[in-house]
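Written out below as structure tokens is the structure these notes cover.
The values are calculated or read from the model by the stated rules, or taken from the named source; none is laboratory data. If you're wondering where the values come from, they're calculated on a predicted model, not measured in any experiment. Neighbour counts are summed over all protein chains in view; Cβ atoms, including those assigned to glycine, are modelled from backbone coordinates with ideal geometry. We work out accessible area using only protein heavy atoms, side chains counted, and drop any ligands, DNA or RNA first. Shrake-Rupley method; radii C 1.70, N 1.55, O 1.52, S 1.80 Å.
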Amino acid sequence: MTSSKSNRSYWKRNQIAITPWLFLLPAMIMFALYVVWPIVQSFNLSLYRWDGLGEARYIGMQNYEELWYDDAFYTSLWNNVLWLVLYLLAIPAGLLIAIFLNQNVRGIRIYKSLFFFPFVISQVVVGLVFTWFYDPSFGLLNIVLGWVGLGPIAVLANNEIATYGIIAAGLWPQTAYCMILYLTGLNAVDPEQIEAARLDGAKGGKMLWYVILPQLRPATFIAFVVTVIGALRSFDLVSIMTDGGPFGSTRVLAFYMFEVALSEYGFRMGYGAAIAVVLFLIMLIYISYFLIKMYRDERGV
Amino acid sequence: MFTLSGPLAKSLITVAASAVVATSAFAQTDGESLTGDLRIFLDTSNPAPRATMEAMIAEFQEMNPELNIETNVIDREAYKTQIRNFLTANAPDVATWYAGNRMLPFVEAGLFEDVSDLWDDEMSEALASTKPSMTIDGAQWGVPYTYYQWGVYYREDIFADLGLGEPTTWDEFLNVINVLNENDIDPVTIGTKFLWTAGGWFDYLNLRQNGYEFHMDLTNGEVAWTDQRVRDTFARWGELLEADTFIDNHAAYSWQEALPFMVNGDAAMYLMGNFAVAPLREAGLSDDQIGFFQFPEITEGIPMAEDAPTDTFHIPAQAENKDNARAFLRFVASADVQSEINSGANLGQLPVNANSTVDDDKFLNEGFEMLSNASALAQFFDRDAPAEVAAAAMEGFQQFMVQPEQLDNILDRLERVRQRVNGG
């Protein structure tokens, strides 16, 4: 009798314990290969001096030491912070437009589409359009400024304001994105609650703050997440509009890493990896916050 | 690293006389047709250069009907990064690149074939002007096929209206700048968005202020950026900035975007390579309106060296058909081929081979004469200096043009980069 039990195959005995791991396995392999391993590699590479061709030479923490004294690094870091903070303006702006458009008028779908349009066109095109918009000799901005007797301002040639100019360009499509998120959210707002609030005499700002916004929390959360991600992806606009200049004043960390490691005059793989590691650690803070919040929310339910 | 091989002037001119004799020597002499394969990678992706190269390769094919030629044209910008991959894995037999320090990483990594054997006395004489910039560690690593002059292109009609002549000295140059400013014309147009255009100004100011030897020592990292002579060069540049020489907001423009200022007559001069002539003509300026002059002398008595970026052919060390590749390089270096591919209808640039004929084009003629009399040729800042130094320095140049008061910071920064690169 006892033999029959031991005769059961290993698989049969442990089926319940093993199955979930089997299902997880493909994802885990992919994750290890394409996420974890490159991170480890980057850490490793950041300890070397390597031009991508010759022998890599181990130099310990020298890349990080250089980074510590590198003005360009701090400029890029500061610009990243600017991007993160100012990009969040897309959320209230998107909310405002969404509330404005959330009405039933003839042709409202057309208006909604028009407002959503900037998000559909490629970031590269957005960058080009804004480069022309800012152009000091024929750009629309300076023509308008000229009417009121101001300007011309060469936004992208001025190291003090160029970054703000690029962020403004980035806000254009990002606001549209937040708007569409809120428009969907507004559809799901419970009309009965609004009715009830109205009976209680709430209107205007109070209605928005105490009744509508709490119901939009999921939309706000998503808008926050995509905007932060969008801010960290600012590479393409920087590359198109200023190429990191004038004299490096508009670089963000991702762009600086690219420039150091992969651009025409770059190929300092180790230094680029060191920047990537720092960028990773910074993002880790955000990711941890995000994960902890998700975990708490799930437990709360 | 690059030493100058005697005055070019005489060798170029005297050799030109014996053109016929030398030409035949470069053509395939054995008369036997090549067999096997030949894979050629080109970065000549713009329409005109592409057609030129394809026609040239077709000619080579005709001479060697049994040779199986495979040509691959790669976008010029993308090529700069792709070459690193294809030289290490699956290398072609022939690849285009640039002379000077720009080929140093590949030579040091052992990825380019030593082709000193091709550079016999005849070739060395015919290609004398660029031999120094093809030489690293006493060996040659490729052959040049074209170069072009740099200098000041200007609006001849505007100069004539204002009674201005071509300046040959620094004082005359400053005078031209003042007169133009008085007449509400920006003296010089430039677009520094992509930085390298400012490198041209530094090259010329430094070559004229301190001379070729010093310029090469500096770009090779043998002189400190905080050296007084470097400061002297920047002081000249400062004089130009003080005289309000350059257009406003140049950091917002690429070099093409800076052209309309000159086309519209809002600006009168442009320090550029000869490739600027084509877009100026296309924009409607006639040859009577465009003039060219050599960058004026600054320090009296210093021999005039010029920027002449050279494009080259190389054989990757891992190539499989090196004999065929060598034959092709010999073909490309020959006087006839270089005359043909550099003609106005094709590349519209200057042949490197001294026995070639130059197309009858106003700017090619002036350029050929200027380079023939040049005491030495620099490749251009971003090809003479190591990539890392070039990137940092050109950014510093742009910053200096906007914030001249930051000079000390800029030079300190460059000196740190130099020391790190040298230390590495």
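Things worth noting here:
- Highest-MSF residue in chain B out of B:Asn342, B:Asn72, B:Asn373 [GNM, Cα springs under 10 Å]: B:Asn72
- GNM flexibility winner over chain B from B:Ala385, B:Ala160, B:Ala251 (Cα, springs under 10 Å): B:Ala160
- Here the Debye sum runs over all C-alpha atoms of chain B as equal scatterers in vacuum, and log10 of I(q)/I(0) at q = 0.07, 0.11, 0.13 Å⁻¹ comes out as -0.34, -0.84, -1.17.
- Taking amide H atoms as placed 1.01 Å from N in the peptide plane, the amide H of B:Asp307 lies under 5 Å from those of B:Trp150, B:Ala378, each 5 or more residues away in sequence or on another chain.
- Take each residue in A:61-74, count the other chain C-beta atoms within 10 Å of its C-beta, and the mean is 1.
- Burial of accessible area (probe 1.4 Å, heavy atoms of protein chains only) in the stretch A:244-277, relative to its chain alone, reaches at least 20 Å² for A:Pro246, A:Phe247, A:Arg251, A:Glu264, A:Tyr265, A:Phe267, A:Arg268.
- Of the trypsin sites (Lys or Arg not before Pro) found in the stretch A:134-208, the ones in coil according to DSSP and having at most 12 other Cβ atoms within 10 Å of their Cβ are A:Lys203.
- Loop-located GluC sites (Glu not before Pro) in the stretch A:146-221 (DSSP state not H, G, I, E or B) with no more than 14 neighbouring Cβ atoms inside 10 Å: A:Glu160.
- Of all accessible heavy-atom area on chain B, the percent that carbon and sulfur account for (1.4 Å): 46
- Solvent-accessible area per residue for the stretch A:2-45 (1.4 angstrom probe, square angstrom): 90
- Chain pair B, A: total accessible area buried, heavy atoms, 1.4 Å probe, Å²: 2400
- The stretch A:4-75-the stretch A:257-292 distance, computed between alpha-carbon centres (Å): 16
- Cα centroid of the stretch A:199-221 to Cα centroid of the stretch B:351-378, whole Å: 76
- Element breakdown for the stretch A:183-301 at a 1.4 angstrom probe: carbon and sulfur atoms account for 65% of the accessible area.
- Neighbour net charge for B:Asp382 - beta-carbon separation under 13 angstrom, K R +1, D E -1: -3
- Heavy atoms of the protein chains alone define the surface here; on that basis the stretch A:64-300 has 54 Å² accessible area per residue at 1.4 Å probe size.
- Relative contact order of chain A, defined on C-alpha pairs under 8 angstrom at six or more residues apart (%): 27
- Residues of the stretch B:266-337: accessible area per residue with a 1.4 Å probe, Å²: 32
- In chain A, the calculated helix contribution to ellipticity at 222 nm averages -22000 deg cm²/dmol per residue, counting -39,500 (n - 2.57) for every DSSP H run with n ≥ 4.
- Looking at the stretch B:170-277, the GluC sites (Glu not before Pro) that sit in a DSSP loop and have at most 12 other Cβ atoms within 10 Å of their own Cβ are B:Glu222.
- Of the residues making up the stretch B:60-108, those losing 50 Å² or more of accessible area when the isolated chain is joined by the remaining protein chains, with a 1.4 Å probe, are B:Arg84.
- Within-14-Å neighbourhood charge of A:Val126 [Cβ basis; K, R +1; D, E -1]: 0
- Student exercise, the protein assembly as shown dipole from Lys, Arg, Asp, Glu Cβ charges, in Debye to nearest 20: 5600
- The protein assembly as shown: radius of gyration and largest Cα-Cα distance (Dmax), Å: 31.0, 117
- Taking a point 7 Å from the Cα of A:Glu65 along the Cα-to-Cβ direction, the residues of the stretch A:28-46 with backbone N closer than 19 Å to it are A:44-46.
- Among A:Ile18, A:Ile275, A:Ile240: highest mean-square fluctuation, GNM of chain A, C-alpha pairs under 10 Å: A:Ile18
- Membrane-span-like helices in chain A (whole DSSP H runs, Cα extent of at least 30 Å along the helix axis, mean Kyte-Doolittle hydropathy of at least -0.5): A:162-187, A:269-300.
- Other-chain or far-sequence residues with amide H under 5 Å of B:Ile136's (modelled H): B:Trp141
- Cα pair count fraction exceeding 13 Å, expressed as % - the stretch A:2-45: 68
- 11 Å beta-carbon shell around A:Gly244, net charge (K/R +1, D/E -1): -1
- Protein-protein interface of the stretch B:227-259, residues with accessible area decrease of at least 10 Å², isolated chain reference, 1.4 Å probe: B:Asn249, B:Ala251, B:Ala252, B:Tyr253, B:Glu257
- Taking a straight Cα-Cα cut-off under 28 Å and skipping sequence neighbours fewer than 8 places away in the same chain, the lysines within cross-link reach of B:Lys80 are B:Lys131, B:Lys193, B:Lys322.
- Over all Cα atoms in the stretch B:59-217, the spread is summed up by Rg and Dmax: 21.6, 67 Å.
- Solution diffusion estimate, µm²/s, Stokes-Einstein, the stretch A:64-300, Kirkwood Rh from C-alpha pairs, 10 °C, viscosity 1.306 mPa s: 79
- The share of alpha-carbon pairs in the stretch B:44-128 lying farther apart than 19 Å comes to 54%.
- Euclidean distance of C-alpha centroids, the stretch B:99-143 and the stretch B:264-279, integer Å: 32
- Whole-percent carbon and sulfur share, accessible surface of the stretch A:2-45, 1.4 Å: 72
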